Amino acid sequence: MAKQIDYERRHMPKQEPFERVKNFDEVAIGYTEELAREEAGRCLHCKKSLCREGCPVGINIPAFIECIVAGDYAAGIKKLKETNALPAVCGRVCPQEEQCELHCILGKKGGSICIGRLERFLADWEAARGKTETPAMAALNGMKIAIVGSGPAGITVANDLALLGYAVTIFEALHEAGGVLTYGIPEFRLPKAIVKREVEYVKSLGVKLYLDYIVGKTRTIDSILQEFDGVFVGAGAGLPWFMDIPGENFNGVYSANEYLTRCNLMKGYRFPAYDTPMKRPRCVAVFGGGNVAMDSARTALRLGADESHIVYRRSKEELPARAEEAENAEEEGVIFDYLTLPVRLTGDEQGWLTEIECIKMELGEPDASGRRSPIPIKGSEFKMKADAVIVAIGNSPNPLIPMSTPGLAVGKKGNIVAEEETGKTSRERIWAGGDVVTGAATVISAMGAGRRAAKSMHATLFGSK
Ligand code: FAD
Ligand code: SF4
């Protein structure tokens with residue numbers, strides 16, 4: 001008898017909004033085994049599995065789902081790890097709704113398989129078991145690789161090259177590894193214990209990690225190249241943009257980077273147990289509409305703000321944040337001020353921010369990004385009270401590495417120029433990938449770039465031996 005098609009997604013239980021807004025614990029609680037197997041049981045195991053086409057690292061999705069149906073979770077996690085070194089992270093933060101789940105055949109009727117949730121289930125199952133399988137490793141091949149940055153791009157290169165027999169060393173500027181996964185994405189979306197576990201796993205493959213090591217200052221890439229056979233630059237895009245409007249120097253105006261770093265990396269949310277003071281403003285306005293903006297606005301509420309606003313110049317349809325995260329923010333009480341552009345900040349005599357002057361916008365024709373462009377409505381200026389502003393409108397790469405590496409080509413926005421398929425830069429023996437090349441993007445795209453670069457490094461360096 002043909003299998004009855006079940007279009008009903010099994011949603012992952014979440015903390016209730018009124019509870020979660022008072023804590024930093026993870027919002028989505030995780031599938032029970034029963035729920036995971038029910039959800040996996042909906043998969044049609046299509047001959048031509050469209051979901052796979054939407055996965056940037058080509059995970060064999062129906063195969064790992066089949067393992068869940070069979071209750072063979074060890075085989076499922078092994079299958080996942082053939083192509084994805086960070087399933088616990090990707091299962092939580094990848095925009096599946098634009099990738100694998102968008103392509104899932106069941107999505108045609110609105111009920112695509114919760115692929116990310118199932119990925120997370122397997123990764124969490126492995127973590128709870130407390131035993132991580134290490135794939136077969138090649139013997140050391142005598143070659144040394146240096147990696148700049150320990151974000152998802154750098155970790156992926158480290159993982160892949162260590163398995164191929166390279167002696168890998170990561171140099172990380174901050175005092176903790178993980179890149180944005182550690183300093184940017186808040187605990188309530190991605191618990192730091194998970195990132196730590198992934199970093200420890202890579203170290204267990206023999207990868208050395210030097211923290212507080214700023215390449216370009218502590219040591220240049222050219223000096224590193226005297227000791228190493230090749231360098232991968234995965235330094236991310238950590239330089240925040242500001243609005244360039246009057247008043248941005250008032251106290252109480254933060255970049256999202258600073259705000260989230262204080263809270264996550266420096267554990268400001270656990271003051272006084274941790275010694276990082278954070279201002280507790282009453283009324284916060286976050287400028288921007290992406291994931292970074294949502295994370296900032298939700299963090300502000302958890303830190304005790306009475307009001308937390310997203311001030312965004314386009315409409316809800318154009319929000320670049322994941323739909324799920326915007327929905328979570330709305331449920332938690334974040335106020336969305338759409339079609340609103342801040343034009344000036346004002347403050348008191350002590351230099352503290354007090355008000356934001358804004359103008360209302362309407363949408364015109366689509367611009368180069370394909371989204372309708374916002375146009376100011378004359379005479380619609382108004383003021384809103386705020387004692388903190390968090391600017392979350394984007395980032396570009398820090399110029400330190402290009403400035404200290406002669407001959408390394410950079411693009412208009414300061415990004416390192418590298419070939420998409422290989423990560424090769426304008427300099428021999430230097431590869432690059434992730435946000436430092438593309439500008440702020442996604443975890444999975446950084447991992448994909450790391451994987452392609454590792455392949456190219458192996459082909460070039462080992463091939464030339
Ligand atoms: P990064 O993660 O930025 O790591 C780069 C590392 O290099 C950092 O640790 C940095 O300290 C280090 N470094 C920099 N310069 C040097 C130097 N000179 N010497 C040594 N080390 C150096 N993506 C998603 O897919 N889903 C999400 O939900 C999501 N949410 C996000 C929320 C926030 C708040 C932010 C900021 C980003 C979010 N992203 C999300 C984007 C995603 O995290 C990034 O695209 C991804 O982390 C990029 O990886 P990367 O390895 O290229 O760089
Ligand atoms: Fe399963 Fe959907 Fe992929 Fe088909 S397209 S194999 S139903 S996840």
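The values are calculated or read from the model by the stated rules, or taken from the named source; none is laboratory data. Since we're looking at a predicted model, the values are computed, not measured. When we count neighbours, we look across all protein chains shown, and the Cβ atoms used for this are built from the backbone with ideal geometry, even at glycine. Remember, those area values only see protein heavy atoms, side chains included, never the ligands or the DNA or RNA. Shrake-Rupley method; radii C 1.70, N 1.55, O 1.52, S 1.80 Å.
Structural remarks
- Residue in the range 208-218 that is crowded, with 23+ Cβ neighbours inside 10 Å, more than 16 Å from ligand 2 (Cβ to nearest atom) and in contact (Cβ under 8 Å) with a residue 24 or more places away in the chain present: yes
- Close pairs from the range 387-407: first surrounded by fewer than 19 Cβ atoms within 10 Å (Cβ to Cβ), partner among the acidic types (Asp, Glu), Cβ under 9 Å, at least 6 apart: SER404/ASP222; PRO406/ASP222
- Top-ranked residue of the range 94-116 - restricted to ones that are part of a helix (DSSP H, G or I) and aliphatic (A, V, I, L, M), ranked as surrounded by the most Cβ atoms within 10 Å (Cβ to Cβ): ILE115
- Whether a residue is outside the structural domain of TYR269 (by TED's automatic domain parsing), within 17 Å of the chain's Cα centre (by Cα) and open to solvent by 10 Å² or more (accessible area, probe 1.4 Å) was assessed, and PRO186 does not pass this test.
- Just one of the numbered conditions (1) in a loop (DSSP other than H, G, I, E, B); (2) under 22 Å from VAL93 (Cα atoms) is not true of ALA326: (1).
- Inspection of the range 151-166 finds no residue satisfying the criterion of being part of a loop (DSSP other than H, G, I, E, B), more than 12 Å from ligand 1 (Cβ to nearest atom) and within 21 Å of ASP295 (Cβ to Cβ).
- No other residue among SER369, SER396 is of a type in the set (S, T, N, Q), out of contact with any Ser or Thr (no Cβ under 9 Å at 6 or more places or on another chain) and closer than 30 Å to GLY252 by Cα apart from SER396.
- Some residue of the range 245-256 being in contact with a Lys or Arg (Cβ under 9 Å, 6 or more places away or on another chain) and within 25 Å of ALA158 (Cα to Cα): no
- Looking across the range 258-306 at every residue that is among the charged types (D, E, K, R) and open to solvent by 50 Å² or more (accessible area, probe 1.4 Å), the one that is nearest to GLY333 (Cα to Cα) is identified as ASP306.
- Number of the condition not met by ALA85 [criteria: (1) open to solvent by less than 20 Å² (accessible area, probe 1.4 Å); (2) within 15 Å of ligand 1 (Cβ to nearest atom); (3) assigned to a helix (DSSP H, G or I)]: (3)
- Restricting attention to the range 411-451, the residues that are assigned to a strand (DSSP E or B) and open to solvent by 70 Å² or more (accessible area, probe 1.4 Å) total 1.
- Condition check for GLU119 on (1) open to solvent by 20 Å² or more (accessible area, probe 1.4 Å); (2) within 16 Å of ligand 2 (Cβ to nearest atom); (3) charged (D, E, K, R): one failure, at (1).
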